[in-house]
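To keep things clear, I will list the structure first and then write my remarks on it.
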Amino acid sequence: MKYVPRAVLFLGIPALLFALPWWLLVYTTMSGTWFWLGSAVFLLGYLVLPAGMLLGHGPRQSDAASLVGDTMLGVMWVVFTWSVIGAAVRGVLTVAGVDDPVRSRVVAVGVLAVSVVLSAWAIYEARRVPRVRTVDVEIPGLGAGLDGLRLVVVTDTHYAATDRLRWSERVVEEVNALRPDIACHAGDLADGSVEKRMAQVDPLGKVEAEYGRFYITGNHEYFGDAPGWIDHMSGLGWQPLRNQHEVITREGDSLVLAGIDDPTGSGLPGHGPDITAALAGADPALPVVLLAHQPKQVTDAVSAGVALQISGHTHGGQIWPFRYLVRLDQPVVAGLSRHGERTQLYTSRGTGFWGPQLRLFAPSEITVLILRRPN
């Protein structure tokens, strides 16, 4: 019986995504042969979506099925969202006295046109090299020698079924052009095994940063082979920060750069976040910058007196309006925020994308965090 809710969810969500658009685009506008053809297309889509997701993300891990299922999921989320809006517009037109068939056809054409344009734009946004976002962050207690220190952050690259080797190389070129003092990868490196995804990940070995390259696990590493990815990134010259810290010193001044595991790792022996262990032995007088994949880990950061936490995980919602659902789970969806008396949190919208290769009103980013002394 414990598997029934999962099965209902697995079939119920696609049913919801297809039912409203079918009603708005087919039932209210078509008749005869066109009605049956339109209904057959929606029924086929309803069957293909869960099959693609199951074959792509289940035990078989089929990349071809993943591409079909993920893309359909993203496109149908866009169509469903605008069908909801279209249904509301249809209600307004009804009150205004606009009768069928004009009312239904105007709404259907509008929903279809907007969905097509936005889906195409979202695919372009997901596949492009991310824009650079530069943010100055004032750090109390930062020494003069560290003023202007540049941390370049990539996160949520999610190397997966789509072969993004060239994209990966261009991201590395962009990162190096930004002249990072410190390079950070804040987790969710790849989906899949090291063997299947290493070719896309390996260009990260060419990132150049004078004071080091640092990596933490995200939740998706623990859906696959977290120990393997930790070892692989170490082999590429990235230092995994697994509940540990390093002291960064420039021109005689120092700060603590720490990293903790993602909470998803708690079920794996020797894994899981431990901020006490991460800061053990650190000079309490030095400001702390913490890499923690999920924004909600800021609760522990506040308790530990961390100056700045750097996170990803949310993708900025990835496909609007999903950001509002993300906000139910995380305290912040994107950007710089303040928590407690002394802790700041920067949440990146992510460099890549998970699953559906769409980003709608949630552009990807490569982030440059410039640390500043308070005025």
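Of the set (1) assigned to a strand (DSSP E or B); (2) under 22 Å from the mean Cα position of the chain (by Cα), all apply to Pro331 but (1). Residue count for region 285-317 satisfying the condition of being open to solvent by 10 Å² or more (accessible area, probe 1.4 Å), outside any loop (DSSP other than H, G, I, E, B) and of a type in the set (Gly, Ala, Ser): 1. Would you please name the residue that is farthest from Met30 (Cα to Cα), looking only at residues in region 65-119 that are among the polar types (S, T, N, Q) and open to solvent by less than 50 Å² (accessible area, probe 1.4 Å)? Residue satisfying both the conditions and the ranking: Ser66. Filtered by the rule that a residue be touching a Phe, Trp or Tyr at 6+ places or on another chain (Cβ under 9 Å) and outside any helix (DSSP H, G or I), region 30-45 gives a lone residue, Met30.
In this structure, Ala113 does not satisfy being in contact (Cβ under 8 Å) with a residue 40 or more places away in the chain and not hydroxyl-bearing (Ser, Thr, Tyr).
Scanning region 144-180 for residues that are surrounded by fewer than 15 Cβ atoms within 10 Å (Cβ to Cβ) and within 19 Å of Ala64 (Cα to Cα) returns Asp163, Leu165. Among residues of region 259-275 that are more than 11 Å from Glu221 (Cα to Cα), those with a Cβ under 8 angstrom from a residue that is among the aromatic types (Phe, Trp, Tyr), sequence gap 6+ or separate chain, pair up as Gly259/Phe214; Gly259/Tyr215; Gly267/Tyr222; Leu268/Tyr222; His271/Tyr222. In region 246-262, the residue that is nearest to the chain's Cα centre (by Cα) out of those that are open to solvent by less than 50 Å² (accessible area, probe 1.4 Å) and under 21 Å from Ser303 (Cα atoms) is Asp262.
Take the conditions (1) farther than 22 Å from Pro101 by Cα; (2) surrounded by 13 or more Cβ atoms within 10 Å (Cβ to Cβ); (3) modelled with pLDDT of 90 or more; Leu44 misses just one of them, which is (2). Count of region 181-195 residues, restricted to those that are open to solvent by 10 Å² or more (accessible area, probe 1.4 Å) and either polar (S, T, N, Q) or touching a residue at least 40 places away in the same chain (Cβ under 8 Å) (or both), is 4.
Under the condition of being hydroxyl-bearing (Ser, Thr, Tyr) and out of contact with any His (no Cβ under 8 Å at 6 or more places or on another chain), which residue from region 208-238 is farthest from Leu290 (Cα to Cα)? So, considering only residues that are hydroxyl-bearing (Ser, Thr, Tyr) and out of contact with any His (no Cβ under 8 Å at 6 or more places or on another chain), the one farthest from Leu290 (Cα to Cα) is Ser234. Go through the residues of region 225-234 one by one and say whether even a single one is buried (at least 22 other Cβ atoms within 10 Å of the Cβ), part of a helix (DSSP H, G or I) and touching a Lys or Arg at 6+ places or on another chain (Cβ under 8 Å). No, because not a single residue in region 225-234 is buried (at least 22 other Cβ atoms within 10 Å of the Cβ), part of a helix (DSSP H, G or I) and touching a Lys or Arg at 6+ places or on another chain (Cβ under 8 Å). The number of residues in region 336-358 that are farther than 28 Å from Asp300 by Cα and over 10 Å from the mean Cα position of the chain (by Cα) comes to 3.
Here's the yes/no breakdown for (1) without any contact (Cβ under 8 Å) to a residue 12 or more places away in the chain; (2) under 25 Å from Phe223 (Cβ atoms); (3) touching a Pro at 6+ places or on another chain (Cβ under 9 Å); (4) among the small types (Gly, Ala, Ser):
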residue	(1), (2), (3), (4)
Leu47	yes, no, yes, no
Gly58	yes, yes, no, yes
Val92	yes, no, no, no
Arg105	no, no, no, no
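The values are calculated or read from the model by the stated rules, or taken from the named source; none is laboratory data. Note that the structure is a prediction, hence the values are computed from the model and not measured. Neighbour counts are summed over all protein chains in view; Cβ atoms, including those assigned to glycine, are modelled from backbone coordinates with ideal geometry. We work out accessible area using only protein heavy atoms, side chains counted, and drop any ligands, DNA or RNA first. Shrake-Rupley method; radii C 1.70, N 1.55, O 1.52, S 1.80 Å.
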